[in-house]
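Rule-based calculations on the coordinates, nothing more; no lab input. Since this is a predicted model, take the numbers as computed values, not measurements. In this analysis, Cβ positions are derived from the backbone assuming ideal geometry, glycine residues included, and neighbour counts consider all displayed protein chains.
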Amino acid sequence: MGRHRKNRTHLKGGVASNPAAAEGVPKSFVIKHGQVGTSLTQLVRDMRRVMEPYTASRLKERTRNKLKDFFTMAPALGVTHLLAFTLTDVAPSLRIVRLSAGPTLSFRIERYSLVKDVLNSSKRARNIGSVEYLTPPLLVLASFPQPGPGTPPHLPLLMKTFQTLFPPLSPQKLSLSSARRIVLISYNADRGTVDFRHYLITVKPYGVSKRVRRVLEGATTKVSASKGYLDLGNEKDVADFFLRKKGEPGPSSDGYESAASSASSAGGDDVDAISLADDYLGRNNKKGQKRAVRLDEVGPRMELRLIKITEGLPGKEGSVIYHEFVKKTKAEATAQKAEHVAKEKLRQQRREEQERNVKRKKAEADGKKAGSDSAEQEEGEEDDGALNDEELEDDGVWDDEEEYSGGEEDENASGSDEEESSEDEGPRPPLKKPKRGKR
């Protein structure tokens, strides 16, 4: 029996249900550049998970690949951003490149933690599935100063760069069930760094204890996980399970707790509780229900320091917009800008001159080819004319070896000569029969 072959392409999440939704959204490449260790390679994989679904999750880099290769391939795939991780002598670095004309932001990674490190250090182990990554995360910018006369000029550009990394948020068109993750970018003014955090959105019943919430959500205890229901065999009363304080061996006269004052309540403050504007994923999360929202960090976690902002792409950098360690006066900045303008003008002139040379050489080659064709055609015409002249000359010139027969006298003379020759020759011998070979 032949092997079943899949002919249908399976797309992710919103792209499969609504192909037009993928148009106009930012797409990214997350790559490692140069020789990096295993930790930085894992960080690249974690960042690809953060940028899903509009990123190349299975992109494989080769050691011989250059950044120019990705710049050439990106426009055909609609990629708008490139995140390149590399390892320097000082520290790991990250470059965020806006395609296809720049600018390029260079960061130094001061500290970072992988997804496995964050989950291992968390008290509440969270099961991360693939459903959370079918929709893009929501971006939250915190602690950035408002644009104004006293604001450093590089901070608005930094905010704009992070905003364009993710799809724009439209509250009127956003489905509540698609809000599954949050990316938090916060600016630390004291250290001059940017903190990168990644969270999952969790919705829990509000104002109930952990045991009641376990019943409402349909969760099972560790003892009865295989049975699929709560194991109350060791309890004397249902109230022992629902109202007993944590750590007490059994019920007592004053050992009960109310649902509102439970220490394990999902939300004990009205600030944490919201009314759902629409149906959300999970059991009993219907529109209008009061629920507590909690953010569970899943990583990765990075602390970034902005080093430099340049115009253009790596390899074709223009003027330096901002530098953390190099400070220049206005005169030096003006001179550098004039130098870049002169270099760009010279580059443009050389490009135009090269194009003119290519056109001129192509025209010369076409002219030589046309001249050779015309010369061959003229030679062919001359050969044809020479042949025609020779034929005409053959018709008008007598050949010495050619016999001439003209008039009756000549005919009679020729006839008598033939008779005389036939009489002189005598009878001819019979023809010999060919010998037949043995079969």
Let me check against my output: what whole-number percent is the relative contact order of the range 162-203, with C-alpha pairs under 8 Å and at least 6 apart?
32
Computed E for Arg62/Asp237 - FRET, C-beta separation, R0 56 angstrom, nearest 0.05
0.25
In the range 332-374, how does Rg compare with the Kirkwood Rh, expressed as the Rg/Rh ratio over alpha carbon atoms?
1.46
7 Å from Cα along Cα→Cβ at both Ala101 and Ser319: what's the point-to-point distance in nm?
1.6
Length-normalised contact order for the range 13-171 - Cα pairs under 8 Å, 6+ apart - percent
26
